[in-house]
Amino acid sequence: MLDRNTILRVACIDIGSNTTRLLVADVDDGRLEVVSQEKAFIALGRELGTDGRIGQAKLAELMQVVEAQVVAAQRLGATEVRAVATAAVRRAANGRRLVRDVAERTGTEIEILSAGEEARLAFVGAVGMLDEPPMGLVAVLDIGGGSSELVIGEPGWPPVWWESVPLGSSTITERWLHSDPPHPSELSAALQRVRMAVAGLSPPRPVQALAVGGSATSLGRVAGRLLDGPAFARALYLLGTEPAATLGHRLGVDPRRVRLLPGALLLLEALAARLGVSLAVGRGGIREGLLLELAER
């Protein structure tokens, strides 16, 4: 285990369905201090066509991004760089070949996370970044592009319940929200389908719930950091009346991300209803969880 008096600078690269993100941070006495963050929107999830494979052009783009992020982390003094991949690579028919090729090009091994590992790391990261972890059960909702994980537990203990939902901001948008901005009829139909998809979940009721992931963070820019009924209604109105490019320019959010926010909002609203509590936008997730665990080795 790391000497508690030692500050460790480490880095995590998270290859998601929408973005590939780098986090460089110092870990000291179980606390994480962000040094640098960067992201590239490469939309791996959209590459999964009928053959379920990610094409060579997208693979080359991913290689360039990961290689640049590894160099950036090393220049900042990271003593170790960990890389993980989530739903898009997990589902891709050539996912294992892809991470092998990227590892050979960049010199950095990439771990394909299972849905359970993704949920656990999201919980560790979200709870670990709280100023004061609450007593009692905490729910963490990690909204990805191709899948979403809901995990519940007490800080400092393994999760007591988790579930992976095969829906994310990208899949909902691609299947049901074809207009920009989405038409009210599309939103209504998509919400019904999302509610049906989560209807079978029976999670224990938490005292607090945190929404994490790129879409949740961006929704915080639209609706504020507390995602309750009025905030969902306010955000849905904005997202349903302004094109993604216009709203993105006004809020300083990548329009490609804004285009995915209505789908993420519908999923968060449906999951919040299942939990019976309002959501707060969390400050940590998979990357933070991985680095906090790395420092404990």
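Residues in the range 255-268 include at least one that is over 19 Å from residue 179 (Cβ atoms) and modelled with pLDDT of 95 or more. For the range 205-223, a residue qualifies if it is open to solvent by 30 Å² or more (accessible area, probe 1.4 Å) and touching a residue at least 40 places away in the same chain (Cβ under 8 Å), and the qualifying residues are 205, 207, 208, 217. The set of residues from the range 34-55 being open to solvent by 40 Å² or more (accessible area, probe 1.4 Å), among the β-branched types (Val, Ile, Thr) and either within 25 Å of residue 290 (Cβ to Cβ) or in contact (Cβ under 8 Å) with a residue 12 or more places away in the chain (or both) comprises 34, 35. Evaluated against (1) hydrophobic (A, V, I, L, M, F, W, C); (2) at pLDDT 90 or above; (3) within 30 Å of residue 153 (Cβ to Cβ); (4) under 16 Å from the mean Cα position of the chain (by Cα), residue 41 falls short on exactly one condition, (3).
Filter the range 281-297 down to the residues that are surrounded by fewer than 20 Cβ atoms within 10 Å (Cβ to Cβ) and within 17 Å of residue 126 (Cα to Cα) and list them by number. Within the range 281-297, 283, 293, 294, 296 qualify.
Counting only residues that are charged (D, E, K, R), farther than 17 Å from residue 173 by Cα and not in a helix (DSSP H, G or I), the range 208-247 holds 2 of them. Residues that are of a type in the set (A, V, I, L, M) and either in a helix (DSSP H, G or I) or under 13 Å from the mean Cα position of the chain (by Cα) (or both) were ranked within the range 114-133; the one that is surrounded by the most Cβ atoms within 10 Å (Cβ to Cβ) is 122.
Scanning the range 259-280 for residues that are in a helix (DSSP H, G or I) and either open to solvent by 50 Å² or more (accessible area, probe 1.4 Å) or of a type in the set (S, T, N, Q) (or both), we see that the one that is farthest from residue 230 (Cα to Cα) is 274.
One residue stands out among those in the range 62-83 that are farther than 23 Å from residue 117 by Cα and among the hydrophobic types (A, V, I, L, M, F, W, C): the one that is least open to solvent (accessible area, probe 1.4 Å), which is 73. Each residue in the range 233-244 was checked for being open to solvent by 10 Å² or more (accessible area, probe 1.4 Å) and either touching a residue at least 40 places away in the same chain (Cβ under 8 Å) or not small (Gly, Ala, Ser) (or both), and 8 pass.
Taking residue 131, is it touching a helix residue (DSSP H, G or I) at 6+ places or on another chain (Cβ under 8 Å) and charged (D, E, K, R)? Outline the logic, then answer.
On the way: touching a helix residue (DSSP H, G or I) at 6+ places or on another chain (Cβ under 8 Å): no; charged (D, E, K, R): yes.
Against the criterion (touching a helix residue (DSSP H, G or I) at 6+ places or on another chain (Cβ under 8 Å) and charged (D, E, K, R)), residue 131 does not qualify.
Scanning the range 225-264 for residues that are hydrophobic (A, V, I, L, M, F, W, C) and in contact with a Leu (Cβ under 7 Å, 6 or more places away or on another chain) yields a total of 10. Inspection of the range 163-182 finds no residue satisfying the criterion of being open to solvent by less than 10 Å² (accessible area, probe 1.4 Å), more than 25 Å from residue 15 (Cα to Cα) and either among the basic types (Lys, Arg) or part of a helix (DSSP H, G or I) (or both).
Checking each residue of the range 248-258 against the condition of being crowded, with 22+ Cβ neighbours inside 10 Å, assigned to a helix (DSSP H, G or I) and not hydrophobic (A, V, I, L, M, F, W, C) gives at least one match.
The values are calculated or read from the model by the stated rules, or taken from the named source; none is laboratory data. Keep in mind the model is a prediction, meaning the values are calculated, not measured. Reconstructed Cβ throughout: ideal geometry from the backbone, glycine too, with neighbour counts over all protein chains shown. Only protein heavy atoms, including side chains, enter the accessible area calculation; ligands, DNA and RNA are left aside. Shrake-Rupley method; radii C 1.70, N 1.55, O 1.52, S 1.80 Å.
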